[in-house]
Each structure stands twice: as C-alpha cells, then as structure tokens.
Amino acid sequence: DWITTTEHNTTSAHGAWQGLWGDDLLILTGEEITTRNGHVVALGTDPGVFVDWRYRARDNAFGRFARKIRQAGGLVVPAHPHATCVGCGWKFGFNDADAVEVWNGPFTPDDEVSIAEWDNTLVASVRHRRPWLPAMGNSDA
C-alpha cells in the first residue's frame, strides 16, 4: 500500500518515484540525515527538499533543522539511536522528535536496547503526565 524512500543525505532518488504513485500506492519521500552524532529520518518531506546534515550536537542546531523538516511536511524520527556504527549513537535528545525508530532491519541487540529505553520513556511519560513518543520500525533496506 505504501513505501518510503529516505536515502542518506540526498534527495536524488525522489525523481525516480515521480508518477508511480496512485490510488493503490502511496509513496513518501524524505531523507536520512546522517550527522556525526546520530541519524534522523526526515519522513514524508516534500519531494526534492534537502535537509543539511553538517552539524553536531555541540552546535545546538538540531531544533532548527527539526523545524525545517516539519516546514517541509515531514516528521522528525531519530533512527537506530543505539546502533554501533560510527556516528550512529543519538546525542541530540528526543525533545524535538515526533517518533523514534526502535527497530531497524533484522532484530539485533541495539534494537533491544532502543525498545527498552523507549519503554522507560513511556513509563516516565505516564508517571509525569507528559506526552509520549511514538515508536516505529523499518527495514533500512
């Protein structure tokens, strides 16, 4: 029924999907923004909208880039926050997130850690009567 395309730090694939959507297929475009301090999926942004990736947590710029994603019609989703790849560890916090990816591809120990951390945030949200952060998973294929 639907597919999402989010290549790392580029929107070049968006044009390949032009005209392929219809009543039986929804195509969401976006970008997986790969910073040195974590990856974030800009999910469902308008085709061709590029979001810069050249910043770090210490730059205190993530809120500005999260707003840019939303202005382009997208959702802000930190991707695989506990993955062990270089630069994958999420260091921006979750205050500007719309959801968090807790499962990515084959289930691995970093997914288990992400789910456990997400569960802890759900408990804290209920306890303190704060909004909770939705979770999602994908194939990253």
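Quick one: which of Ala57, Ala83, Ala135 is closer than 30 Å to Asp1 by Cα, open to solvent by less than 60 Å² (accessible area, probe 1.4 Å) and at pLDDT 95 or above?
Being closer than 30 Å to Asp1 by Cα, open to solvent by less than 60 Å² (accessible area, probe 1.4 Å) and at pLDDT 95 or above holds for just one of Ala57, Ala83, Ala135, which is Ala135.
Going through the range 9-25 one residue at a time, which ones are under 21 Å from Gln71 (Cβ atoms) and in contact with an Asp or Glu (Cβ under 8 Å, 6 or more places away or on another chain)?
Asn9, Thr10, Thr11
Which of the residues spanning the range 4-53 are assigned to a strand (DSSP E or B) and touching a Leu at 6+ places or on another chain (Cβ under 7 Å)?
If the condition is that a residue be assigned to a strand (DSSP E or B) and touching a Leu at 6+ places or on another chain (Cβ under 7 Å), then Thr4, Ile27, Leu28, Gly30, Leu43 are the ones that fit.
I'd like to know if the range 113-123 contains one or more residues that are open to solvent by less than 40 Å² (accessible area, probe 1.4 Å) and not in a helix (DSSP H, G or I).
Looking for residues that are open to solvent by less than 40 Å² (accessible area, probe 1.4 Å) and not in a helix (DSSP H, G or I), one finds none in the range 113-123, hence no.
Could you list, ordered by first residue, the pairs with Cβ atoms under 7 Å in which the first is in the range 23-43 and in contact (Cβ under 8 Å) with a residue 40 or more places away in the chain and within 15 Å of Tyr55 (Cβ to Cβ) and the second is charged (D, E, K, R) and assigned to a strand (DSSP E or B), at least 6 apart or interchain?
His39/Glu32
Quick check, is Ala72 farther than 15 Å from Asn9 by Cα, aliphatic (A, V, I, L, M) and open to solvent by 20 Å² or more (accessible area, probe 1.4 Å)?
Here the answer is no, as Ala72 does not meet what is asked.
Name the single residue that is surrounded by the most Cβ atoms within 10 Å (Cβ to Cβ) among those in the range 26-50 being under 24 Å from Arg67 (Cβ atoms) and β-branched (Val, Ile, Thr).
Out of the qualifying residues, it is Val40.
Is there a residue being in contact with a helix residue (DSSP H, G or I) (Cβ under 8 Å, 6 or more places away or on another chain) and in a strand (DSSP E or B) anywhere in the range 72-94?
Yes, that holds for at least one residue.
The values are calculated or read from the model by the stated rules, or taken from the named source; none is laboratory data. Since we're looking at a predicted model, the values are computed, not measured. When we count neighbours, we look across all protein chains shown, and the Cβ atoms used for this are built from the backbone with ideal geometry, even at glycine. Surface accessibility is based on the protein's heavy atoms, side chains included, excluding ligands, DNA and RNA. Shrake-Rupley method; radii C 1.70, N 1.55, O 1.52, S 1.80 Å.
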